[in-house]
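All remarks here apply to the structure that follows.
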Amino acid sequence: MDMNNTRLKELLDKYLEGTATAAEIREVDDWYGSFESDPGLTEQLSAEQRSALEQLLFLRISREVEQAAPSVKIIKAPLRYWWAAASVVLLLAAGGFYFARNRSAQTETATVATLTEQTGRGGIKKIVLPDGTAVWLNFESKIRYAEGQGREVWLEGEGYFEVTPQQGRPFLVHAGTLDVNVLGTSFNIDAYTPGETVTVTVASGKVAVGNDQAARTTLAANQQAVYLAAAGKIEKNDIAAADFSAWRQGQLVFKKAMFRNIAQKLERRYDVRIRFAGEHIANSLLTARFDENVPIGDILKMLCDIYGFSYRQEPGKNEYLVYDGQPK
């Protein structure tokens with residue numbers, strides 16, 4: 001595929017602005033996949049444009065690695081992919097970006113151990129990745145990363161990240177089918193239900209979110225992206241980021257949240273089950289804030305009082321029923 005410098009710069013500027021379509025991102029991706037070497041093509045790119053190209057190619061390489069590696073504790077991936085990921089920065093810094101790929105060369109294999117950190121219903125956990133990035137894992141959450149690497153992670157559940165900046169080394173989070181790419185920032189990802197939604201909230205800096213279905217979206221501080229898996233699209237909103245990471249201090253913050261979604265968070269926090277006597281109760285919108293260690297009974301009572309609902313605990317069980325009317 002032929003691409004001149006002007007077209008490449010145009011596409012990268014759109015990528016940085018968050019206006020590039022999925023087709024335009026694929027155009028850059030296809031360009032990378034088709035050429036053998038062209039050291040002069042990117043000499044006139046600005047630092048921001050080179051960073052954008054680096055992020056796009058990093059995402060491409062990461063997808064190749066993920067597709068090539070089996071989902072087991074030991075990942076066997078072609079060595080050329082890991083070499084390529086490590087070489088992106090060096091080649092860009094040289095001013096003449098190119099990849100020399102020998103398709104006829106015999107493929108070598110490297111073995112990389114995958115480390116897993118996780119939480120149950122016993123509490124919140126803070127970990128520090130090999131690169132210095134701090135991650136807080138919420139209840140029933142899990143993170144995976146290659147031993148000694150730490151700049152590419154896979155998240156299940158919810159995590160808050162304070163990414164250590166490293167020049168030319170993007171930090172990549174896979175949450176369900178969504179990719180979150182950053183250079184240095186603080187953000188929260190809620191991926192408890194990746195088949196439905198993944199929510200990315202930025203506290204500081206900037207991140208880029210997107211995948212093969214949804215066009216890339218750039219988020220700044222106090223902005224949020226909600227990926228709707230069924231529709232394959234991203235909704236972007238302005239929010240108060242601190243509310244979405246208050247769980248790190250043990251707080252529960254709900255703003256216009258459906259009772260059913262609040263119940264899911266309470267179930268993880270208190271190891272209980274909450275049922276509703278009707279859909280209109282489950283879909284009620286509630287706004288509330290609770291400090292750490294407030295008993296589950298007190299929380300349910302305060303939430304129910306807003307709409308005049310009642311609740312009861314099933315005898316001998318950690319199970320609660322929310323219903324209309326007076327307590328029985």
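Condition first: touching a Pro at 6+ places or on another chain (Cβ under 8 Å), in contact (Cβ under 8 Å) with a residue 12 or more places away in the chain and either buried (at least 21 other Cβ atoms within 10 Å of the Cβ) or on the phi > 0 side of the Ramachandran plot (or both). Can you find one or more residues in region 159-177 that meet it?
Within region 159-177 (the criterion being touching a Pro at 6+ places or on another chain (Cβ under 8 Å), in contact (Cβ under 8 Å) with a residue 12 or more places away in the chain and either buried (at least 21 other Cβ atoms within 10 Å of the Cβ) or on the phi > 0 side of the Ramachandran plot (or both)), the answer is yes, since at least one residue qualifies.
Run Glu292 past the list (1) in a loop (DSSP other than H, G, I, E, B); (2) in contact with a Lys or Arg (Cβ under 8 Å, 6 or more places away or on another chain) and report the number of the one that doesn't hold.
(2)
Determine, yes or no, whether Gly132 is at pLDDT below 85 and more than 30 Å from Asp271 (Cα to Cα).
No, not satisfied.
Report yes if some residue within region 241-250 is among the acidic types (Asp, Glu) and in the same structural domain as Phe161 (by TED's automatic domain parsing); otherwise report no.
Yes: region 241-250 contains one or more residues that are among the acidic types (Asp, Glu) and in the same structural domain as Phe161 (by TED's automatic domain parsing).
Listed residues Ile262, Ile306; which is surrounded by 13 or more Cβ atoms within 10 Å (Cβ to Cβ) and modelled with pLDDT of 95 or more? Talk me through it step by step, then tell me what you get.
On the way: Ile306 fails: modelled with pLDDT of 95 or more.
Answer to the selection: Ile262.
Can you tell me which condition Ala191 does not meet? The list is (1) crowded, with 23+ Cβ neighbours inside 10 Å; (2) touching a residue at least 60 places away in the same chain (Cβ under 8 Å), and all the others hold.
Result: Ala191 fails condition (2) only.
I'm checking my understanding of the structure. Among residues of region 267-288 that are basic (Lys, Arg) and modelled with pLDDT of 95 or more, which one is nearest to Phe244 (Cα to Cα)?
Arg273
Kindly provide the set of residues from region 277-300 that are more than 22 Å from Arg121 (Cα to Cα) and more than 29 Å from the chain's Cα centre (by Cα), ordered by number.
Ala277, Gly278, Glu279, His280, Ile281
Go through the residues of region 216-230 one by one and say whether even a single one is farther than 27 Å from Val163 by Cα, in the same structural domain as Pro170 (by TED's automatic domain parsing) and not in a helix (DSSP H, G or I).
Yes, that holds for at least one residue.
How many of the residues making up region 238-278 are aliphatic (A, V, I, L, M), without any contact (Cβ under 8 Å) to a residue 40 or more places away in the chain and in contact with a helix residue (DSSP H, G or I) (Cβ under 6 Å, 6 or more places away or on another chain)?
Here the count works out to 1.
Residues Ala241, Ala257: which one is surrounded by 15 or more Cβ atoms within 10 Å (Cβ to Cβ) and over 30 Å from Tyr320 (Cα atoms)?
Checking each option against the conditions leaves just Ala241.
So Ile234 clears everything in (1) surrounded by 19 or more Cβ atoms within 10 Å (Cβ to Cβ); (2) not assigned by TED's automatic domain parsing to the domain that holds Gly205 except one condition, right? Which one?
All conditions pass for Ile234, except number (2).
The values are calculated or read from the model by the stated rules, or taken from the named source; none is laboratory data. Please read all numbers here as calculations on a predicted model, not as lab measurements. In this analysis, Cβ positions are derived from the backbone assuming ideal geometry, glycine residues included, and neighbour counts consider all displayed protein chains.
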